[in-house]
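Q: My questions will all concern the structure given below.
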Amino acid sequence: MGPLPATTALVALIACRFASAAWAQDVPGRPGQPDVVVTGRTAAIRWAPPATGGVPSFYLIAAGTEPGGSDLGVHQVGPTTSVGPIPLNDGAYFIRVIAANAAGFGPPSVDRFFMIGGAVPGAPGTPVATIAGTRVTLQWTASVAAGVPTHYVVVVGTRLGASDLGAYDVGLTTSVTATLVPGTYCVRIIAANAFGSGIPSTDMSFTVGGAPGIPGLMSARQDGAAVTLEWGTPSSGGPPVRYLVAAGSAPGTANLGVFDAGANNSLTATAPPGTYFTRVVAVNAAGQSPPSFELALTLGEIPTLLSPPPEAVVRQNDSSTSCFPHATRGFGSRIAFDWSDVVSSSGVAGYHIILQGANASIPAIDQHVVTSDFEFMNCNGFVIPANRFDWEWRVRTFDLQGRYGAWSPPRRLHFGPCQLGDGTPCYAAVP
């Protein structure tokens with residue numbers, strides 16, 4: 001093969017030298033973050049050259065409608081470090097600068113955001129979650145800063161700042177409701193319009209489902225041999241599917257049984273007289289709640305009330321109580337009550353009796369006794385013409401630890417006017 005022509009040899013020599021120079025060069029470093037001056041619908045852009053790496057041969061400007069995006073194009077601008085003013089369409093822009101030479105492309109600069117002819121919305125308010133079982137409602141306050149939003153995007157992740165569970169355009173509403181599987185969710189809200197997406201709201205997290213929380217406090221009411229236990233729905237955790245009631249003869253035990261109440265907040269059962277310790281747990285597919293606070297109750301036979309005997313009276317000047325007539329003391333009182341004796345029932349130590357008028361705030365009689373009858377004697381009468389109707393009395397048992405049984409059904413009575421043999425006015429109890 002003969003010698004190369006002179007022009008061919010020159011091109012080859014230049015190419016060889018350029019390749020050698022490229023081989024010796026370093027890739028340029030990161031340019032400075034670009035500065036943008038917007039005038040009307042034009043933008044002038046400038047930046048600082050890289051402080052490290054090889055010398056740039058040219059720069060690229062990448063532009064997009066979101067951070068890191070290049071959907072608006074990548075434009076080569078030569079070795080200059082400024083361009084513009086450039087006419088642009090209305091909208092939101094995210095730009096970054098890349099330095100390049102024969103060795104390759106350096107890393108991009110930090111993004112610079114600017115607007116032409118409008119503004120993206122500001123950040124919405126931090127969302128608030130309302131949870132009802134597995135159904136969750138998110139609410140947030142509208143974005144009021146900068147541009148007017150045309151829609152909101154709910155970004156959902158499994159940790160703060162994440163979006164691994166998706167981003168959902170919900171339109172212009174400021175609330176959304178969804179049914180979710182049990183788990184922990186982190187959400188933030190982004191307001192957007194034709195100029196782009198604004199700054200996200202603050203992230204918030206919430207948990208759906210899981211085992212139920214502790215049921216509310218238990219209470220008990222007795223009706224004859226039947227006792228009804230009631231409790232509140234847990235205020236936290238997943239929704240209960242059923243409740244289990246444990247009963248024992250000592251604190252913390254369940255030796256008397258565990259009873260399934262289903263999804264009800266109450267359980268009615270018959271039980272012999274005695275002292276019981278009960279608690280309830282809530283259950284769903286995710287597990288079981290801690291037990292409620294323990295309720296100790298004593299079940300005795302409920303006393304049967306007997307009417308006061310016909311001779312029971314509330315009267316003035318009762319010699320048996322050394323009462324004497326006095327205008328300011330009203331009528332002296334003497335009245336007897338009687339009920340069935342159930343002290344022999346397990347744990348019963350005595351009785352608590354009350355007598356109360358229909359509109360009274362406190363009982364006229366409030367006594368603890370150990371016998372199954374009570375005779376009230378007092379010089380100050382409690383019956384006057386205006387309140388002689390619709391009185392009620394009732395009795396309940398108590399044990400040596402001060403725990404009370406259920407109240408008996410009330411017995412109603414009235415007081416009718418009467419007159420003693422000596423002409424003294426009185427009021428007689430009328431069953």
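Q: Summing +1 for each Lys or Arg and -1 for each Asp or Glu, what net charge is found among the other residues whose Cβ lies under 9 Å from the Cβ of Leu305?
A: Taking every other residue near Leu305 into account, the sum is +1.
Q: Can you put Cys418, Cys186 in order, fewest other beta carbons within 10 Å first?
A: Cys418, Cys186
Q: Now, a different point. Quick one: dipole size for the range 107-262, taken about the Cα centre, charges +1 on Lys/Arg Cβ and -1 on Asp/Glu Cβ, in debye to the nearest 20.
A: Roughly 120 debye for the range 107-262.
Q: Can you list the HN-Hα couplings for the range 85-97, worked out from phi with the Karplus curve (6.51, -1.76, 1.60; θ = phi - 60°), rounded to whole Hz and with x for Gly and Pro?
A: x, 10, x, 9, 6, 4, x, 9, 10, 10, 10, 8, 10
Every read-out reported here was derived from the displayed coordinates using simple, explicitly stated rules and does not represent laboratory data. Note that the structure is a prediction, hence the values are computed from the model and not measured. Note that we place each Cβ from the backbone using ideal geometry, even for glycine, and neighbour counts take in every protein chain shown.
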